[in-house]
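Working notes for the structure below.
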Amino acid sequence: MEAGIAAAVAAVIVIILMFVFVAKTVRIVPQARARNIERFGRYRKTLQPGMNFIIPFVDRVKPLIDLREQVVAFKGQPVITEDNLVVQIDTVLFFQVTDPRAADYEIVNYIQAIEQITATMLRSVIGNMDLEETLTSRDKINTMLRGVLDDASGKWGLRVTRVEIKAIDPPKSVIDAMEKQMRAEREKRAAILTAEGVRQSKILTAEGEKQSQILQAEGEKQSQILQAEGQAQAIGTVFQAVHRNDADAKVLAYQYLQTLPQLAQAEGNTFWVIPSEVTSALRTLSGAFGSEGAGQPAGPGQPGQVTGAATAALAAGGPGRPGADGDPAVTGDPAPAGDPAANGEPTQAEQAVAEQAARTREELAHVEQEVAAVQAEAQRFSPG
């Protein structure tokens, strides 16, 4: 009985020892991982991903080493620029273990080593740049840091794949000055754009006014040309009509006298000159009417002649009124019945001529009064 129990206990112990031996012998390494093996304290080999066999109690298995790309962020690295400004730079480092043996035996802590060498390289690179260049040259800094770190960490079994400057924080006073500078620059650009807009607006306005004045001048020019052409055609037509009808001096003198009242029609005329041709026109008109009324008998049907009654009416200023020189009114001789001219009664044409002559005489008298008044006023104000 006791022998059976002892055998069972021995069997259990053997089975347990076998499980322990198997567990110590077999090592399973995950993918993208690696483990270094030491035998009697000396590097033996590196276990690859999968199932590996070792000698228990002889080989010692070291911790797993991650072969994937890793990301490490380093914050607040103080760096002095070339213009003696201290800036805080945050960096992000991407690296990968390529040699597990070197990463395990060449450096104690490769993460800390990478952080320190990154800070050192940052001081070396940015120390040759001023603040403005530092803020605008991130790609250049990243490229330089990557090259330097890759060379320095190669012997540690590491490969630096990428370096990024996450943030560059200048001092507070520098940030305020930069904000003021940016604000001033923006205000400058706004003022320039405003001035440019005002300039373009004035230029366009001036161009529009110029075109308007040019078009207005062209219109006035065409209007004056057309008016001149119309006046020229009217004068030519009148001139041709006068020469075609062979008008004598009496008609021209009569038309000249009809034009005289228009001299005083303009507003504000206080002084106007009577041309010397007025006396010649009056002499011609009176001689024409007087000679015809005295030397020729009146009779209807003779164009261009004025009867004696019309002459008497013209000389007297109208029928039944005294003449201009104080002569008694002419009433005409008796004539046979049925003949208005023979009975001393003027015809409608003769009445119209007489009325026009009377109005002309009144206007001439008024003009003479105005001329006399002006001469008296001029003598009153003349020196001496």
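A short reminder: the numbers here are calculations on the coordinates, not readings from a lab. As the structure is a prediction and not an experimental result, all values here were calculated from the model. No Cβ is skipped: glycine too gets one built from the backbone with ideal geometry, and neighbour counts run over all protein chains shown.
The stretch between K202 and E220, if pulled fully straight at 0.36 nm per residue, gains 3.8 nm over its current Cα-Cα span.
Taking amide H positions as modeled 1.01 Å from N, with prolines and chain starts lacking one, the residues under 5 Å from R44 and 5 or more places away or on another chain are I37, E38, R39.
Taking 24 Å as the cut-off for C-alpha to C-alpha distance, list the pairs among K62/K155; K75/K180; K140/K166; K24/K45; K166/K188 that go past it. Please report the intermediate quantities before stating the final value.
On the way: K62/K155 20 Å; K75/K180 28 Å; K140/K166 14 Å; K24/K45 17 Å; K166/K188 31 Å.
The answer is K75/K180; K166/K188.
Tell me, how many Å apart are the Cα centres for region 9-72 and for region 201-223? Taking the Cα centre of region 201-223 as reference, the centre of region 9-72 is 99 Å away. Put simply, the amide H of M129, placed in the peptide plane, has neighbours under 5 Å in E82, leaving out anything fewer than 5 places away on its chain.
Taking R0 as 25 Å, what's the FRET efficiency between V174 and A73 from their Cβ-Cβ distance, rounded to 0.05? Can you show the working numbers first?
On the way: r = 24 Å, r/R0 = 0.96.
The formula returns an efficiency of 0.55 here.
Remark: spin-label model distance E229-E132 equals 7.0 nm, labels positioned 7 Å along the Cα→Cβ axis.
FRET efficiency for the Q96 to V20 pair, using the beta carbon distance and R₀ = 45 Å, is estimated at 0.80.
Computing FRET efficiency as 1/(1 + (r/R0)^6) for K155 and A184, where r is the C-beta to C-beta distance and R0 is 45 Å, gives about 0.30. Extension gain, Q112-L193: 0.36 nm per intervening residue step, less the Cα-Cα distance, totals 23.8 nm. Taking 16 Å as the straight-line reach from the Cα of K202, the lysines in range (excluding those fewer than 8 positions away in the same chain) are K210.
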